[in-house]
1. If you scan segment 79-121, which residues turn out to be farther than 18 Å from LEU15 by Cα and of a type in the set (Phe, Trp, Tyr)?
2. State which residue is modelled with the lowest pLDDT when the search covers only segment 66-94 and only residues that are among the β-branched types (Val, Ile, Thr) and in contact with a His (Cβ under 9 Å, 6 or more places away or on another chain).
3. Sort out which residues of segment 22-51 are in contact (Cβ under 8 Å) with a residue 24 or more places away in the chain and either charged (D, E, K, R) or over 25 Å from ASP93 (Cα atoms) (or both), and write them in order of number.
4. Test ASN132 against the criterion of being without any contact (Cβ under 8 Å) to a residue 60 or more places away in the chain and either under 25 Å from ILE38 (Cβ atoms) or part of a strand (DSSP E or B) (or both), and give yes or no.
5. May I ask you to verify whether GLU18 is modelled with pLDDT of 95 or more and at negative phi?
6. So GLN101 clears everything in (1) in a loop (DSSP other than H, G, I, E, B); (2) in contact (Cβ under 8 Å) with a residue 24 or more places away in the chain; (3) closer than 22 Å to MET31 by Cα except one condition, right? Which one?
7. From the residues in segment 19-52 that are part of a loop (DSSP other than H, G, I, E, B) and among the polar types (S, T, N, Q), which one is farthest from ARG110 (Cα to Cα)?
8. Among the candidates PHE142, PHE100, which residue alone is modelled with pLDDT under 90 and buried (at least 19 other Cβ atoms within 10 Å of the Cβ)?
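The values are calculated or read from the model by the stated rules, or taken from the named source; none is laboratory data. All values derive from a computational prediction rather than experimental measurement. When we count neighbours, we look across all protein chains shown, and the Cβ atoms used for this are built from the backbone with ideal geometry, even at glycine.
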Amino acid sequence: MPVATSGPVAERIALEIEYRLRRLLSGSSTMIQVSEVIRPKRMESATPKHCQIVLTQGDPEIDAQLSLPGNPPATAWRHFFSIRCHVIPSELDPTAIDTFQNYFVADIRRAICEDANWWTFDGLAIYAEWGNISGIDLDGTFVAFMVPLIVTYRTDEDDPYTVRA
C-alpha cells in the first residue's frame, strides 16, 4: 500500500519504512510491545522510552555501477536508514537485554519484509539490504541498538521526484 504518491523518492521510501514499522504498534509480537515509532523533528526533544523506535536517515551516496545512461541519465542512490531501538526495561524486569534485542530485531525484520517484493518498497527501490546491528552504550549501560537498512533506488539525474527502474 503506497504511503505517499508524490514527493522526493527518498522521502517516499522513508515514509514507507515508517509505515511498516508502525505495524509493530498493534502488538503483533508476544514479547515486544513497541511504545512508539518516531522520525525526530528539529526542535523535538523526545525522551527515550522502553521499546521505542527512532527512524533516521543518513546522506545518500551515488552508486555509479548501478546508474544508467539515457536522456536524462538515471542516477542510482544508496541510502542508509537507521532504525534505532531503545531498550530500557524496569530494573525489576528479569528478562535479559539480549532477549529483548533478539525479539525486537526479528519483529522489525518481519514488519519490513512482510510485503511481497519488500525490497522494492512499492516500486520505489531496486534493492534493499540489512546492515550489521550495533549496540549503543551510554555510561557503560546498554540503552539501545541500531538496525541499519540500506535502500538502493534510481531517479532521473535532474529530477529526484521521478523513480527510474
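1. Residues satisfying the conditions are PHE100, TYR103, PHE104.
2. Within segment 66-94, the first condition is being among the β-branched types (Val, Ile, Thr), and the residues that meet it are 75, 83, 87-88.
Narrowing further to those that are in contact with a His (Cβ under 9 Å, 6 or more places away or on another chain): 87-88.
Numbers: VAL87: 90, ILE88: 87.
My answer is ILE88.
3. ARG23, ARG39, LYS49
4. Details: without any contact (Cβ under 8 Å) to a residue 60 or more places away in the chain: yes; either under 25 Å from ILE38 (Cβ atoms) or part of a strand (DSSP E or B) (or both): yes.
Yes: the conditions hold for ASN132.
5. Numbers: modelled with pLDDT of 95 or more: yes; at negative phi: yes.
When the stated conditions are applied, GLU18 passes them.
6. Here GLN101 clears every test but (1).
7. Taking segment 19-52 and keeping what is part of a loop (DSSP other than H, G, I, E, B), we get 27-35, 39-51.
Filter again for among the polar types (S, T, N, Q), leaving 28-30, 33, 35, 45, 47.
Numbers: SER28: 10, SER29: 10, THR30: 13, GLN33: 15, SER35: 17, SER45: 29, THR47: 26 Å.
Result: SER45.
8. Details: PHE142 fails: buried (at least 19 other Cβ atoms within 10 Å of the Cβ).
Within the list PHE142, PHE100, the selection yields PHE100.
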